[in-house]
Every structure is written in C-alpha cells, then in structure tokens.
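The values are calculated or read from the model by the stated rules, or taken from the named source; none is laboratory data. Source: prediction; values computed, not measured. A quick note on method: Cβ atoms are made from the backbone with ideal geometry, for glycine too, and the neighbour counts reach across all protein chains shown. Remember, those area values only see protein heavy atoms, side chains included, never the ligands or the DNA or RNA. Shrake-Rupley method; radii C 1.70, N 1.55, O 1.52, S 1.80 Å.
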Amino acid sequence: MATTLMTTTLMTFVRRTAGPGLAAGALAGILVACGGGSGDGGGNGGSSSPSAPEQSGKPGTTQVDVKLVDFKMELSKTTLKAGTYTFVVHNNGHHDHAMEIEGSGTEQKTRTLAPGESANLTVSLKDGTFQVYCPVDGHKDLGMKTQLTVGGAASTGKNSDTTNGNGY
C-alpha cells in the first residue's frame, strides 16, 4: 500500500513539475531549429532582421558597422577610399532610428528601424565628404550625426568616430 502511494505521489510530482519544463524545452528547441528568414525586396534599404544581418557577400564591397543609439551614432570607420561599401546598421537604442548618407551626389538611406532591428545599405562612394545622420523626427538636430570622408588612406580603427548627442 505504501509503495503504491509513493509511486502515485512521484508520478504526480513529475507530471506537475518536470512535464511543463520538458514541454517548454522541446518547444524552444523546435523554434530554434525552424528559424525564420526574411527576403530582400530589392528596396533601397537592403534586407533587415531583428537578428544580426548576414555579411554582404558582394565582391568588391567592404563592411562598415554602424550603431544607432539614443541619440548618438557610431561608425567603425569614418575615412574610406572610393569604392563600394555595405553599411551594416544596428539600432541599439530605445527609439526608432534610420541611417542616411548624403554628399558628393549620393543620397541613400535605410528604412526606419525599430529598437533591436538591423539593415544593410550598400552604397558606391566617390571622393568627397558625406554627412551620415538619423533622418527620423529631428534626431539629427539632437546630435545623431557624423561625417564620413572618402579619399586618401582608409581608417582601420574601430569606433573611430562617435557623436555624443544628447543621449540618455
């Protein structure tokens, strides 16, 4: 009788405590395995995803990482040689942001990115000075801007330029 009671109690305990944990673990494993992908519609803003974007993979392009934070902008390089670059833009802030590059006959931007989202923007740049800024809701005037120089020797220092902005 005591053995039957102990077995029933043990089975109830396993059902109530371990069962939901195992089910949640299995569900998490399925979600990770399925993973989602987003297609690039060929728009001006490139592809976007809340996770890290893929490398550009385009021959002859160099990657420049851009971090958008409330209200500052960090570029991994601010002096480049003329050529084609893929700007990998991450919104690490708490507000919507975007990146626009303007100068020397070029004006291109990403779509507006919600917090945590990323986008790639591939641009061919010729010698000149470019303004890089957030075009969303006056963020540029709050200090979310920097300058990019194309021509001469390329910089290799990480985070070589950071705007202070009015950050939180």
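Within segment 127-144, the presence of at least one residue that is touching a Cys at 6+ places or on another chain (Cβ under 9 Å), surrounded by fewer than 21 Cβ atoms within 10 Å (Cβ to Cβ) and of a type outside the set (Gly, Ala, Ser) is confirmed. If the condition is being open to solvent by 10 Å² or more (accessible area, probe 1.4 Å) and in contact with a Phe, Trp or Tyr (Cβ under 9 Å, 6 or more places away or on another chain), then segment 71-92 contributes Phe71, Lys77.
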